[in-house]
Amino acid sequence: MQPRRVAVLGGGPGGLYAARLLKLADPSCEVVVHEQGEPDTTFGFGVGLAAGTQRKLEAADPDTLRDLVAAGLRHDMTMQVGPHTTRVRNDRLIGIARTELLAVLQRHAEKAGVVLEFGTRVTAGELDADVVVAADGVSSATRENGPFGGRIEVGRGLYLWCGTDFALDDAVFAPVETEHGVFVTHAYPYSGGRSTFLVETDEETWRRAGFDASTQATKFDASDETSLRYLREVFAEQLRGHALIGNRTRWLRFRTVCCDRWSAGNTVLLGDAAHTAHFSIGSGTKLAMEDAIGLVEALRAEPDRDAAFARYEAVRRPAVERLQELARRSQLWWESFPARLHLPVERLMVAYMSRAGNVPLDRFAQTSPDVVGAALEQYAGEPADVAPEGITSWVLDHPPARHRAADLVPLRAALDDPWSAAGDALVAQARGTAGVRLTGPPDRPALLTRLDLAERIGLEAGVPTAVEGPAALRDDLAAGLVSGRTDRVVLTDVQETP
Ligand SMILES: Cc1cc2nc3c(=O)[nH]c(=O)nc-3n(C[C@H](O)[C@H](O)[C@H](O)COP(=O)(O)OP(=O)(O)OC[C@H]3O[C@@H](n4cnc5c(N)ncnc54)[C@H](O)[C@@H]3O)c2cc1C
């Protein structure tokens, strides 16, 4: 399809990139971006762009990627628990200021001939065009007022997004215990003189610290200065005397957006307007920009609008849903993070890397042999002299000797969320037993959830656990052992129906 006129609603990364790619694909097409804000005002601080995203952007538009990489800052990753630290190398991960990201995308859009109109809030209905790309963000009015079947799931934990005026050496994950509970920061540098500080906590800690009141007292366009002052003290070591800077910063709960359909009539949703995924896998900007690539390819490939929108959704939805599932697991892991602070820092790093089930131990060992080696030794109580491809067998051959799986009470677990009411009931059943052996469906998502539930039972009911799973998923079972999710595993190829 060759649209003559395209209106893009929203000048965030998704809208700007789609506009540029549309114009590159067909210079005769008239493309206008309508952004309610001014060019140099935005929310937030830095965002991360991982290696895989950079490869996709390079294939779609090498000029823009070159400028993004030049404006970003590459960094490694450190986990810091009290005096203990461990470090992981990250070859191409960059942090980039959201202001810089948008400035580069605006510049490249204009260079391609896109018209940028700032300062007016518009609705999809009032835009006269063959195609309206609604890239109006997580609070998209187009989605909320349209027939897209939008749903929002609200997270349990609270987060606050702020920054500071110096560049950290690495990305840092640091939990700090206070009189109210644990606050954890994910902080990363994104320019020569700036870092993002994202802070998370649970609801009880948030209330005990009085932040329910400070959140309520903060006007919608102001920052919660009470929280920022308090957190400056909490993270004094990481901040090295610098202050935390707000930019309409307040405590929020993450909202995961899903939609039944991404298009209706001449309007198509893109980026956060169509879907979101928890920030702890750093993928919102990536998804928005990859949607833009997918939409422009679909418009080029199909003869008419409806077929192009259907192709866009058919290609992008599976990738988005896969990431949303990883993000959901990552979100649940972070929301229960304080319970794991007893783990040695290297085992905690392995638990972090395997939290969503997408980084196998052997792959992690190839890039960080020192971290995985230390974690294996902490797990088994003896050094592990083993190549990455032999790690799973080595772990399964070194079960902790504390108890026999056969002595444990079988407990069937078939649930999506270990911290749900169904999870509460299973924890209650495990209390007072000599330990439980978790059984359930043999598929991978069910096994990963079983491992997370076993961890919760171990922590809350204080009893030993074993997790059953098929031999085909032995890598996940081994990662579960080293991460401290379960004490034992039982390999079984018994096929159960879910
Ligand atoms: C705490 C936190 C941390 C994050 N960290 C990362 C990270 O590390 N890496 C990453 O990739 N992503 C991260 N993200 C997510 C990322 O910021 C978003 O996913 C990304 O900006 C989505 O791009 P978008 O273009 O879809 O929407 P947005 O960037 O939200 O842009 C939408 C635009 O539409 C405009 N708009 C809305 N309505 C109208 C209207 N009616 N008229 C005109 N204009 C309108 C808005 O002003 C806005 O500029 C994070 C998000 C949060 C909350």
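Can you run down the residue pairs with Cβ atoms below 7 Å, 6 or more apart or on separate chains, where the first is in the stretch 143-163 and under 20 Å from residue 261 (Cα atoms) and crowded, with 18+ Cβ neighbours inside 10 Å and the partner is modelled with pLDDT of 95 or more and polar (S, T, N, Q)?
146/267
Can you confirm whether residue 167 is outside the structural domain of residue 303 (by TED's automatic domain parsing) and free of Cβ contacts under 8 Å to residues at least 40 places away in the same chain?
Judged against the criteria, residue 167 is not a match.
Filter the strands (runs of 3 or more DSSP E) completely within the stretch 105-219 down to those with at least 3 residues that are more than 11 Å from the ligand (Cβ to nearest atom) and more than 25 Å from residue 243 (Cα to Cα).
Because the criterion is at least 3 residues that are more than 11 Å from the ligand (Cβ to nearest atom) and more than 25 Å from residue 243 (Cα to Cα), the strands (runs of 3 or more DSSP E) in the stretch 105-219 that meet it are 150-154.
Yes or no: residue 101 near the ligand (Cβ under 9 Å from one of its atoms) and closer than 30 Å to residue 364 by Cα?
Criteria met by residue 101.
Taking residue 201 as meeting all but one of (1) in contact (Cβ under 8 Å) with a residue 60 or more places away in the chain; (2) touching a strand residue (DSSP E or B) at 6+ places or on another chain (Cβ under 6 Å), write down the number of the exception.
Only one criterion is unmet by residue 201, namely (1).
Considering (1) at pLDDT 90 or above; (2) within 12 Å of the ligand (Cβ to nearest atom), say which one residue 58 fails and leave the rest.
Of (1) at pLDDT 90 or above; (2) within 12 Å of the ligand (Cβ to nearest atom), only one is false for residue 58: (2).
With the structure loaded, tell me whether residue 301 is out of contact with any Pro (no Cβ under 6 Å at 6 or more places or on another chain), more than 13 Å from the ligand (Cβ to nearest atom) and either outside the structural domain of residue 50 (by TED's automatic domain parsing) or aliphatic (A, V, I, L, M) (or both) or whether it fails that test.
Considered against the rule, which asks whether it is out of contact with any Pro (no Cβ under 6 Å at 6 or more places or on another chain), more than 13 Å from the ligand (Cβ to nearest atom) and either outside the structural domain of residue 50 (by TED's automatic domain parsing) or aliphatic (A, V, I, L, M) (or both), residue 301 comes out as yes.
All but one of (1) assigned by TED's automatic domain parsing to the domain that holds residue 276; (2) under 25 Å from residue 46 (Cβ atoms); (3) surrounded by fewer than 20 Cβ atoms within 10 Å (Cβ to Cβ) hold for residue 135; which doesn't?
(3)
Any chance you could count how many residues in the stretch 175-232 are of a type in the set (S, T, N, Q) and closer than 24 Å to residue 349 by Cα?
Of the residues in that region, 6 qualify.
From the list 356, 384, 339, 374, which one is at pLDDT below 95, over 16 Å from residue 451 (Cα atoms) and among the hydrophobic types (A, V, I, L, M, F, W, C)?
384
Is the stretch 265-282 home to any residue that is within 16 Å of the ligand (Cβ to nearest atom), out of contact with any Lys or Arg (no Cβ under 7 Å at 6 or more places or on another chain) and free of Cβ contacts under 8 Å to residues at least 60 places away in the same chain?
Yes, that holds for at least one residue.
Could you list, in sequence order, all residues of the stretch 9-41 that are within 15 Å of the ligand (Cβ to nearest atom) and part of a loop (DSSP other than H, G, I, E, B)?
10, 11, 12, 36, 37, 38, 39, 40, 41
The values are calculated or read from the model by the stated rules, or taken from the named source; none is laboratory data. Being a predicted model, the structure only gives us computed values, none of them experimental. Methodologically, a virtual Cβ is constructed for each residue, glycine included, from the backbone with ideal geometry; neighbour enumeration extends over all protein chains shown.
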